[in-house]
């Protein structure tokens with residue numbers, strides 16, 4: 001790839017070459033003028049015999065002075081043009097880099113949107129699973145084992161999840177797909193969890209809840225975002241709710257995979273920070289190990305523009321793209337953000 005900064009470098013090279021040429025011209029004219037002056041002195045010593053030579057020497061002197069003035073004017077004109085070209089080149093570099101980073105930010109958040117859309121489909125589908133309905137209606141040891149085994153099979157096939165929980169109407173978790181891994185889940189009460197409370201209010205089987213990224217103590221402090229839906233006792237989207245299914249997305253693993261997949265060269269990545277931030281501009285994923293979940297960043301989105309870029313400092317650019325959503329998943333106001341230190345430009 002041709003670096004856009006090459007435009008600025010070339011303009012400086014042209015300036016250097018031109019200045020060197022003008023400098024050579026001025027050196028020659030100085031030498032010529034000196035020779036002309038010496039010739040005038042010698043012609044004066046020669047008296048009448050040197051009159052003709054004196055005329056020639058004087059003309060040479062005048063011509064060298066004119067050339068010197070032209071060269072000086074050329075230097076001034078050239079400097080103005082080169083400075084304008086350099087400023088234009090720097091602006092073009094900023095725009096080329098900025099637009100590319102904005103496009104990469106959009107691609108980043110689009111991948112997450114498509115991923116999370118699938119999670120909204122999963123949770124609504126699995127809410128109709130017969131083993132979960134049987135568990136919530138009967139709540140026998142056998143139905144609990146059967147439901148947990150069923151959730152375990154699902155988790156073996158869908159590796160993007162940490163766990164799947166089933167809670168009764170009181171918010172008590174009565175089934176888990178990975179009870180052996182997360183031993184505090186079964187019996188825990190999640191009645192105050194947003195994913196449980198929201199799903200309990202759903203009036204239709206078409207509805208789902210998508211949660212924010214958070215640390216879940218019951219999952220040994222793992223980062224997750226929960227998706228949930230109401231489980232209904234009978235066939236029909238408006239049948240009575242008998243419980244809630246919550247699926248715990250493996251956020252850290254999946255988000256890191258998306259961030260590391262952004263198409264930056266190794267050299268670019270070394271001077272870039274790739275992030276996802278929530279609607280309040282708090283970091284929910286970052287390529288920088290020093291950035292923490294929930295840390296706020298200064299973001300400068302342009303009014304009315306879903307994606308764009310701006311300058312953080314003279315050589316530091318920030319690009320962003322707001323979530324476009326996907327299909328029936330509108331997104332949660334998240335953004336893809338890339339900050340990059342621009343490469344040095346040879347002067």
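Residues in the range 213-246 that are surrounded by 17 or more Cβ atoms within 10 Å (Cβ to Cβ) and in a loop (DSSP other than H, G, I, E, B): 1 in all.
Based on what the data block shows, is residue 90 within 20 Å of residue 274 (Cβ to Cβ) and modelled with pLDDT under 90? So residue 90 fails the test.
Working only within the range 283-296, note down all residues that are touching a strand residue (DSSP E or B) at 6+ places or on another chain (Cβ under 6 Å) and over 18 Å from residue 254 (Cα atoms).
Those that are touching a strand residue (DSSP E or B) at 6+ places or on another chain (Cβ under 6 Å) and over 18 Å from residue 254 (Cα atoms): 295, 296.
All of (1) in a loop (DSSP other than H, G, I, E, B); (2) under 21 Å from residue 121 (Cα atoms); (3) touching a residue at least 24 places away in the same chain (Cβ under 8 Å) hold for residue 148 with one exception: (1).
Could you check the range 151-174 and list, in sequence order, the residues that are crowded, with 19+ Cβ neighbours inside 10 Å, outside any helix (DSSP H, G or I) and under 39 Å from the mean Cα position of the chain (by Cα)? Within the range 151-174, 161, 162, 163, 164, 165, 166, 167, 173 qualify.
All of (1) out of contact with any strand residue (DSSP E or B) (no Cβ under 9 Å at 6 or more places or on another chain); (2) modelled with pLDDT of 95 or more hold for residue 228 with one exception: (1). Considering the range 271-297, the residues that are in contact with a helix residue (DSSP H, G or I) (Cβ under 6 Å, 6 or more places away or on another chain) and not in a loop (DSSP other than H, G, I, E, B) include one that is nearest to residue 225 (Cα to Cα), namely 285. Of (1) within 30 Å of residue 203 (Cβ to Cβ); (2) out of contact with any helix residue (DSSP H, G or I) (no Cβ under 7 Å at 6 or more places or on another chain), residue 244 satisfies all except one. Which? Result: residue 244 passes all but (2). Residues being at pLDDT 90 or above, under 17 Å from residue 112 (Cβ atoms), in contact with a helix residue (DSSP H, G or I) (Cβ under 6 Å, 6 or more places away or on another chain) and in a loop (DSSP other than H, G, I, E, B) are entirely absent from the range 309-322. If we scan the range 325-336, do we find a residue that is in contact with a strand residue (DSSP E or B) (Cβ under 7 Å, 6 or more places away or on another chain), within 30 Å of residue 123 (Cβ to Cβ) and not in a strand (DSSP E or B)? For the range 325-336, residues in contact with a strand residue (DSSP E or B) (Cβ under 7 Å, 6 or more places away or on another chain), within 30 Å of residue 123 (Cβ to Cβ) and not in a strand (DSSP E or B): present.
Restricted to the range 287-305, and to residues there that are farther than 19 Å from residue 342 by Cα and in contact (Cβ under 8 Å) with a residue 24 or more places away in the chain, the residue that is surrounded by the most Cβ atoms within 10 Å (Cβ to Cβ) is 301.
Restrict the check to the range 257-267 and report whether at least one residue is within 23 Å of residue 120 (Cα to Cα), surrounded by 14 or more Cβ atoms within 10 Å (Cβ to Cβ) and in contact (Cβ under 8 Å) with a residue 40 or more places away in the chain. Yes.
Go through the residues of the range 131-139 one by one and say whether even a single one is touching a helix residue (DSSP H, G or I) at 6+ places or on another chain (Cβ under 8 Å), in a helix (DSSP H, G or I) and over 13 Å from residue 243 (Cα atoms). The answer is no, given that none of the residues of the range 131-139 is touching a helix residue (DSSP H, G or I) at 6+ places or on another chain (Cβ under 8 Å), in a helix (DSSP H, G or I) and over 13 Å from residue 243 (Cα atoms).
The values are calculated or read from the model by the stated rules, or taken from the named source; none is laboratory data. Since the structure is predicted, the reported quantities are computational estimates derived from the model, not experimental observations. Glycine also receives a Cβ, built like all others from the backbone with ideal geometry; neighbour counts cover every protein chain displayed.
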